[in-house]
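Single-structure report; data block below.
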Amino acid sequence: MDGIGGLDIAVGLVLAISGFLAFARGFVRELLAIVTWVGAAIAALYLFAKIKPYAAGVISPAWLADAITAIGVFAAAFIVLTLVSRPVVERVNGSPLKGLDRAFGLAFGVLRGAALLSIAYLMATWLFPAGDMPRWLVEAKSRTYLERGADIVRGLAPVAVLPEPRPEGAKDAAPEPDKGYKPEQRQDLDRLIKQTE
């Protein structure tokens, strides 16, 4: 367990890249980018049913009309929200708050990277039972921090969204098939069939 492993280097790179990108773009731009993506997705969900009949009358087959409608509504909402948010970003970049915006962007980027790594670790705990985790994951110096982050994500997420980690010795075994009817059930079925004849 001596030295820094490959996972530790990857964790450092993810945090550094995410932090640098958010620093370069600024907090306001990063935040508005998230709002734009989420807003476009919500618009697509709500407007899809209203626009679908018009597209279905012009485009066939139905699956193609649905796909074009969903993508079109999402793209239109995304473009509108991007155009609305651009002046806000330009105003912040041209103001004395630019340095503060970048500093907050750096913090946001590091937190975003940590959240992504925590989610990835959470998925790894679901994929690998506790006793069968790969050695590179078990021996990583960053594992303690990934576990803490995964616990925070697990606490924030709805119960139905994230499964619990797989216990030690868990396997992907298929359930045993049913054995069929028991002898007394067969006799009851035979009796019922004879009564209906």
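The values are calculated or read from the model by the stated rules, or taken from the named source; none is laboratory data. These numbers were taken from a predicted model, which means no experiment stands behind them. Don't worry about glycine lacking a Cβ; one is built from the backbone with ideal geometry, like all the others, and counts go over all protein chains shown.
Does Val38 satisfy the criteria of being β-branched (Val, Ile, Thr) and under 20 Å from Arg86 (Cα atoms)? Yes; evaluated as a whole, the condition is true for this residue.
A count restricted to segment 78-117 and to residues that are modelled with pLDDT of 95 or more and not in a helix (DSSP H, G or I) stands at 0.
Can you tell me which of Leu15, Leu21 is crowded, with 17+ Cβ neighbours inside 10 Å and at pLDDT 90 or above?
Numbers: Leu21 fails: crowded, with 17+ Cβ neighbours inside 10 Å.
Sole residue among the options that is crowded, with 17+ Cβ neighbours inside 10 Å and at pLDDT 90 or above: Leu15.
Among the residues of segment 77-99, which ones are free of Cβ contacts under 8 Å to residues at least 12 places away in the same chain and surrounded by 14 or more Cβ atoms within 10 Å (Cβ to Cβ)? Hits for segment 77-99 are Val80, Leu97.
Under the condition of being of a type outside the set (A, V, I, L, M, F, W, C) and either closer than 30 Å to Val89 by Cβ or under 20 Å from the mean Cα position of the chain (by Cα) (or both), the residues counted in segment 11-68 number 10. Among the residues of segment 123-141, those identified as in contact with an Asp or Glu (Cβ under 9 Å, 6 or more places away or on another chain) and more than 11 Å from Gly6 (Cβ to Cβ) are Thr125, Trp126, Pro129, Ala130, Gly131, Asp132, Lys141.
All conditions but one from (1) under 27 Å from Ala43 (Cα atoms); (2) out of contact with any helix residue (DSSP H, G or I) (no Cβ under 6 Å at 6 or more places or on another chain); (3) small (Gly, Ala, Ser) apply to Ser85; the one that does not is (2). Within segment 43-70, the set of residues being in contact (Cβ under 8 Å) with a residue 12 or more places away in the chain and under 30 Å from Phe27 (Cβ atoms) comprises Ala43, Ala44, Leu47.
Pairing residues of segment 132-144 that are surrounded by fewer than 14 Cβ atoms within 10 Å (Cβ to Cβ) with residues that are not in a helix (DSSP H, G or I), at Cβ distances under 8 Å and at least 6 apart in sequence or on separate chains, gives Asp132/Glu168; Pro134/Phe128; Trp136/Gly5. For segment 63-72, check the following and say yes or no: at least one residue is more than 30 Å from Val153 (Cβ to Cβ), surrounded by 12 or more Cβ atoms within 10 Å (Cβ to Cβ) and among the acidic types (Asp, Glu). Yes; the residues of segment 63-72 include at least one that is more than 30 Å from Val153 (Cβ to Cβ), surrounded by 12 or more Cβ atoms within 10 Å (Cβ to Cβ) and among the acidic types (Asp, Glu).
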